[in-house]
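Data first, discussion second: the structure below is written as structure tokens.
The values are calculated or read from the model by the stated rules, or taken from the named source; none is laboratory data. Quick caveat: nothing in here was measured; it's all calculated off a predicted structure. Cβ coordinates were reconstructed from backbone atoms using ideal geometry, including for glycine residues, and neighbour counts include every protein chain displayed. Keep in mind that these areas ignore ligands, DNA and RNA; they rest on the heavy atoms of the full protein, side chains included. Shrake-Rupley method; radii C 1.70, N 1.55, O 1.52, S 1.80 Å.
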Amino acid sequence: MVAHIKTVAFEGIDVTPVDVQVQIGPGLPAFTVVGLPDKAVAESRERVRAALNSIGLALPAKKIIVNLAPADLAKEGSHFDLPIALGVLVAMGVVPSDAVQNYVALGELSLDGSLLPVAGVLPAALMAVSANAGIICPEASGAEAVWAGETLEVLAASSLLAYINHVKGRQILNPPAMPNPQQVPKSQNYMPDLREVKGQATARRALEVAAAGGHNLLMIGPPGSGKSLLASCLPSILPAMQAKEMLESSIIASVSGMLQEGRLTTTRPYRDPHHSSSMAAIVGGGRKALPGEISLAHCGVLFMDEFPEFPRGVLESLRQPLETGKVTIARAQAHVTYPADFQLIAAMKPVRSGYWDDAGRACNKAPRCAVYYHSKISGPLLDRIDIHIEVPAVDTLSMLADGGGESSAEVAPRVQRAQERQAERYVKLGLENRLNASVRGEVLAEIAPLEPDAKTMLEEATRQMQLSMRGYTRVLRVARTIADMAANDTIQKGHIAEAITYRQLSFGR
């Protein structure tokens, strides 16, 4: 008899069904796992053996073969422990085969037989729903599985013995309760408020434009000018996540093992990696081709402080995701694609020392130092950043006297109205675009009609600033956003003038 247990393998956020086949037959006592298992999967036989011993069951003195089909697909992760254990129990006659035949199982076994949470339960549960099956998972992961739908039967057991007792009718596994997304610790929901930003009226305006149109933003200024605070305020003025965005972001977090207590991601992600981060940490990759910071920031904000200090290869690797909204990681044993539709907020100093026009603290190698420092950011990457602004230093006494500008609660409704205007426009055109930052050039001419004086100004700026076609398009996109914020159907001269000011760099260029 061959026992069959359904489970899954992960390729990025994609889920591939795996059939765990267990056979107990005559031969020398052995426990073998085949089907391209990695080290964690191969070691599962020892965890299964110990877990069964802890509940009073001993493996028969026979040859046990576990095959993970399809055999040519690499299997990674400790979540294969539970399906292998269930297959052994079915083959031993402890658990009837009909009790597991319509379930997807995944979970890690402890040596005492308890079940430990694993990553990827949410996408596995979604696959189970599409296959009209239930799911068997650790109790700690049950709350995550219930988000897949009310029709999904979830058996969330605290231990292997608890599941066996449920099958035997000795106890009942209660369905896990769906966690309340509102009951999140305040420390996780805290977002800086724009009211905390003192001065910097120009930067505040640029941040609002960036939020309204989903534009990438580069801030240049000396230390202490408020660049990091401005970036951290951006999520507080962005509209709430839509259902599709919450699901996509939560799937990425689930695959990464970052969903806390089974709660969906309800606030826009904000990631701020250190400039010493590696390529795999930012883009994704490693031995298991896990998602990187750009995918963890999907539907949210990626803040990269000290922008030129990131390795050159890391910066150049951002170009494709910024254009396509996804990243493909190609490795010898893995070829996976992750969504990476994020809003990039970059910050840098005018020179490496941080000070440009302060005679007492200025770099003694200027302006050559500034040219070298800024040359670390390539022209094609700068072209993909719609808005470039200077964030000058503000006098400390002036900041103390400043009562603060508008709060995030006052700015957020304007951003919401501008985005709703854009969404309505693109729905009428039958496009999937939701924001101006992602609209293609061929559509831009249709949705961004220029008044004659605005067209003249844009053409003159293109000649003087030597804008590339990408740069020209991005100026037009920003102008379209500014017009949307003013509820104008056509782009006027003032909109173009403001958009042009967001493309000028005076440091080292």
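Which of the three applies to region 251-352, rounded, prolate or oblate, going by the alpha-carbon gyration tensor with a ≥ b ≥ c and a/c under 1.5 meaning rounded?
Details: a/c = 1.85, a/b = 1.26, b/c = 1.47.
Oblate, since a/c reaches 1.5 and b/c is not below a/b.
So if I take the centroid of the Cα atoms in region 422-438 and the same for region 289-333, what is the distance between those two points in Å? What the calculation gives is 25 Å, centre to centre. Neighbours of I482 by Cβ distance under 14 Å: Lys/Arg scored +1, Asp/Glu scored -1, total +3. Taking all protein chains together, R271, R352, R287 sort by accessible area into R287, R352, R271, largest first [probe 1.4 Å].
Only Cα pairs under 8 Å and at least 6 apart count here; give the relative contact order of the chain as a rounded whole percent. Before the final figure, lay out each step's value.
Numbers: 1006 pairs, mean separation 67.4, N = 509.
It rounds to 13 percent for the chain.
When both region 448-509 and region 216-262 are represented by their alpha-carbon centers, they are found 27 Å apart. Can you give the FRET efficiency to the nearest 0.05 for L431 and A42, using r as the Cβ-Cβ distance and R₀ = 56 Å? Working from the Cβ atoms, E equals 0.70.
So, counting K/R as plus one and D/E as minus one, what does the shell of residues with Cβ under 11 Å around E309 add up to?
+2
Per residue, the chain exposes 45 Å² of solvent-accessible protein surface, assessed with a 1.4 angstrom probe and all protein chains in place. Counting only Cβ charges, +1 for Lys and Arg and -1 for Asp and Glu, the dipole size of the chain around its Cα centre is about 820 debye. Taking the charge dipole of the chain about its Cα centre, with +1 at Lys and Arg Cβ atoms and -1 at Asp and Glu Cβ atoms, the residue from G149, G35, A412 reaching farthest to the positive side is G35. Rounded to the nearest 500, the helix-only mean residue ellipticity at 222 nm of the chain stands at -11000 deg cm²/dmol, with each DSSP H run of n ≥ 4 adding -39,500 (n - 2.57). Residues in region 140-148 carry Karplus couplings, in order, of 5, 9, x, 4, 6, 5, 5, 5, 5 Hz; the curve used is 6.51 cos²θ - 1.76 cosθ + 1.60 with θ = phi - 60°, and Gly or Pro positions show x. For the chain, the fraction of 1.4 Å probe accessible surface lying on carbon and sulfur atoms is 52 percent.
Charged neighbours of A50, selected by a Cβ distance under 14 Å, balance to -2 (K, R count +1; D, E count -1). Based on the convex hull around the alpha carbon atoms, the chain presents an average projected area of 27.9 nm². For the listed residue pairs K326/K349; K227/K493; K288/K326; K63/K168; K244/K326; K39/K244, the alpha carbons are over 25 angstrom apart in K326/K349; K227/K493; K63/K168; K39/K244.
Sorted on the mean count of surrounding Cβ atoms within 10 Å across their residues, most packed first, peptides 68-74, 199-205, 102-108, 43-49 read 102-108, 43-49, 199-205, 68-74. Excluding same-chain neighbours fewer than eight residues apart, the aspartates and glutamates reachable from K75 by a Cα-Cα span under 15 Å are E11, D14, D19, D38, E43, E108. Site pair I55 and N102 shows an inter-label distance of 2.2 nm when each label is modelled 7 Å from Cα along Cα→Cβ. Taking the charge dipole of the chain about its Cα centre, with +1 at Lys and Arg Cβ atoms and -1 at Asp and Glu Cβ atoms, the residue from A346, S438, V371 reaching farthest to the positive side is V371. When peptides 222-231, 155-164 are sorted by average Cβ neighbour count within 10 Å, with the highest value leading, the order is 155-164, 222-231.
Please say if region 20-129 is rounded, prolate or oblate, where rounded means a/c under 1.5 for a ≥ b ≥ c the square roots of the C-alpha gyration tensor eigenvalues, and otherwise the choice is prolate for a/b larger than b/c and oblate otherwise? Verdict is rounded for region 20-129. Annotation: V427 carries an accessible surface of approximately 110 Å², with a 1.4 Å probe and no ligand, DNA or RNA atoms counted. Charge dipole (Cα centre; +1 on Lys/Arg Cβ, -1 on Asp/Glu Cβ; no other charges) of region 105-222 amounts to roughly 380 debye.
Work out the FRET efficiency for Q466 and R440 from their Cβ-Cβ distance, taking R0 = 22 Å, and round it to the nearest 0.05. Please list the in-between numbers first.
Details: r = 23 Å, r/R0 = 1.05.
Efficiency at R0 = 22 Å is approximately 0.40.
Residue separation of E306 and R414 scaled by 0.36 nm, minus their Cα-Cα distance, works out to 35.9 nm of gained length.
When each of the peptides 81-93, 15-27 is scored by how many other beta carbons lie within 10 Å of its residues on average, the order from highest to lowest is 81-93, 15-27. Think of region 1-112 as a dipole: +1 on every Lys or Arg Cβ, -1 on every Asp or Glu Cβ, centred on the Cα centre; then among V20, V94, L109, V94 lies furthest on the positive end.
The solvent-accessible area of M246, taken with every protein chain present and a 1.4 Å probe, is close to 50 Å².
Of the whole protein surface, Y372 contributes about 140 Å² of accessible area at a 1.4 Å probe radius.
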